[in-house]
């Protein structure tokens, strides 16, 4: 795991374990920023919290892994790889705080999680996102993820189209 120079020069470091305060900070910035950027409500914030909590409370992580970027010892983003049945991995909670956007951190987090998933010998990595998250979708597609499924959800303050993207690794 080599961080690109632009990310290092921005003062960002990557951690794989949560420490006290990380969860609260991650959910706070995720909730506030996604409300501001996309209108996602408190239900979306709780949904994100549940994903992180489930990850933290799983006693045997197996091949699941977290990447927690920090700047000045404060969480500024995340991505999780969660081991799933049938030798699949799910990419979850990709997020970059707007205070550090523009240095390539989001792309690097996705690239690194895909690299790790290949190294961990998963057959497939998948993720769910929603229309309107254009920057993230562009990154996924540029790395070879393909649309596999769509469904309508109405949980986060407005109607959204949720999209599953898959990337075959083997």
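The values are calculated or read from the model by the stated rules, or taken from the named source; none is laboratory data. All of these numbers come straight from a predicted model, not from anything done at the bench. Don't worry about glycine lacking a Cβ; one is built from the backbone with ideal geometry, like all the others, and counts go over all protein chains shown.
Filter the range 104-128 for residues that are surrounded by fewer than 20 Cβ atoms within 10 Å (Cβ to Cβ) and in contact (Cβ under 8 Å) with a residue 24 or more places away in the chain and give the result. Within the range 104-128, 104, 107, 111, 112, 116, 118, 120, 121, 123, 124, 126, 128 meet the criteria. If you go through the range 109-155 and pick out every residue that is within 14 Å of the chain's Cα centre (by Cα), at pLDDT below 95 and not in a helix (DSSP H, G or I), you end up with 4.
In the range 63-72 there is no residue that is assigned to a helix (DSSP H, G or I) and over 20 Å from residue 167 (Cα atoms).
The rows are residues; the columns are (1) modelled with pLDDT under 95; (2) more than 20 Å from residue 113 (Cβ to Cβ); (3) out of contact with any helix residue (DSSP H, G or I) (no Cβ under 9 Å at 6 or more places or on another chain).
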{"residue": "3", "(1), (2), (3)": "yes, no, no"}
{"residue": "14", "(1), (2), (3)": "no, no, no"}
{"residue": "35", "(1), (2), (3)": "yes, yes, no"}
{"residue": "45", "(1), (2), (3)": "yes, yes, no"}
{"residue": "54", "(1), (2), (3)": "no, no, yes"}
{"residue": "65", "(1), (2), (3)": "no, no, no"}
{"residue": "69", "(1), (2), (3)": "no, no, no"}
{"residue": "76", "(1), (2), (3)": "no, no, no"}
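Considering 79, 103, the condition of being in a loop (DSSP other than H, G, I, E, B) and closer than 26 Å to residue 11 by Cα is satisfied by 103 alone. Within the range 74-89, residues that are without any contact (Cβ under 8 Å) to a residue 40 or more places away in the chain have Cβ atoms under 7 Å from residues that are loosely packed, with under 15 Cβ neighbours inside 10 Å and in a strand (DSSP E or B) in no pair, counting only partners at least 6 apart in sequence or on another chain. Residue check: is residue 43 loosely packed, with under 15 Cβ neighbours inside 10 Å and farther than 17 Å from residue 97 by Cα? So residue 43 passes the test.
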